[in-house]
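For reference, the structure is listed below as structure tokens.
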Amino acid sequence: MKFMTKCILLSMLIGLVVVNTQAQELSKAEKKALKKEAKDLYKNPAKLKILKDAKDKANQELESNKKEILKLKAAQHDFEQRESVMLSTIDSLSARLKRAKDKIKELENRKPVAAANPTVSTGTVAGVVFKVQVGAYKGGSIGTSNGGTDYTNENADGYNKHLLGSFKQYQPAKSFADHLERLGIKGAWVVAFKDGNRISIKEALGGTSSDTPKKDEVNTDGGK
């Protein structure tokens with residue numbers, strides 16, 4: 001037991017000497033203090049064991065910390081990769097949004113200008129305007145108009161009805177409604193007005209034009 005204690009003590013002293021000599025030369029007082037501490041440890045194996053156990057525990061914690069650092073570095077790399085993908089996705093979505101806005105602007109610019117004296121043409125009646133309804137909600141109101149011709153708001157039957165566009169022909173209005181559907185505005189559909197009063201699509205088209213919509217193209221929710 002004494003021989004083992006001497007070996008452990010000698011090992012620790014060599015380690016201390018190596019570390020300290022690498023940092024700086026020991027003074028006489030430091031050497032004397034270390035020798036005294038070594039004698040105390042030699043006489044008290046239990047205290048020496050505590051120091052050894054503490055050293056072993058510190059080494060284990062050091063190894064654990066090294067593994068944790070590796071995990072954190074891996075997580076950081078993964079986060080950076082995901083961030084790069086997200087930024088790329090944001091750029092792609094921004095580009096798609098810009099194209100959609102440009103398409104809407106293009107469609108709006110295609111709207112025919114109302115003539116001073118409208119005349120009857122194929123599929124339309126004088127004074128008839130087609131618009132695209134994008135929503136009908138109860139309660140609250142955001143006004144009757146935003147000051148432009150692209151958006152109008154109709155309050156009728158207890159609903160606030162939101163309308164976009166103003167077309168003299170049915171098909172351009174239907175194409176605009178289909179485009180809004182593809183953009184995610186579900187339920188966009190064409191409605192008709194004559195002299196500011198809502199009328200049925202069939203009445204607006206006279207029921208004889210080749211422009212007359214198919215049955216599944218006409219909203220049947222009672223005019224909401």
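The values are calculated or read from the model by the stated rules, or taken from the named source; none is laboratory data. Keep in mind the model is a prediction, meaning the values are calculated, not measured. Ideal geometry is used to build each Cβ from the backbone, glycine not excepted, and the neighbour counts take in all protein chains shown.
A few notes on this one:
- Matching residues in the stretch 91-143 - criterion: being in contact with a helix residue (DSSP H, G or I) (Cβ under 8 Å, 6 or more places away or on another chain), at pLDDT below 80 and not polar (S, T, N, Q): ARG110, LYS111, PRO112, GLY123, VAL125
- Of everything in the stretch 196-214 that is within 16 Å of LEU163 (Cα to Cα) and either assigned to a strand (DSSP E or B) or more than 44 Å from the chain's Cα centre (by Cα) (or both), the residue that is modelled with the highest pLDDT is ILE199.
- So THR152, is it surrounded by 15 or more Cβ atoms within 10 Å (Cβ to Cβ), modelled with pLDDT under 80 and at negative phi: no
- Count - residues of the stretch 174-195 that are assigned to a strand (DSSP E or B) and among the charged types (D, E, K, R): 1
- Of residues in the stretch 149-170 being of a type in the set (Ser, Thr, Tyr) and in contact with a Leu (Cβ under 8 Å, 6 or more places away or on another chain), the one nearest to VAL190 (Cα to Cα): TYR170
- Residue list for the stretch 1-38, filter: at pLDDT 80 or above and surrounded by 10 or more Cβ atoms within 10 Å (Cβ to Cβ): GLU30, LYS31, LYS32, ALA33, LEU34, LYS35, LYS36, GLU37, ALA38
- Of the residues making up the stretch 161-173, one or more are part of a helix (DSSP H, G or I), surrounded by 20 or more Cβ atoms within 10 Å (Cβ to Cβ) and touching a residue at least 40 places away in the same chain (Cβ under 8 Å).
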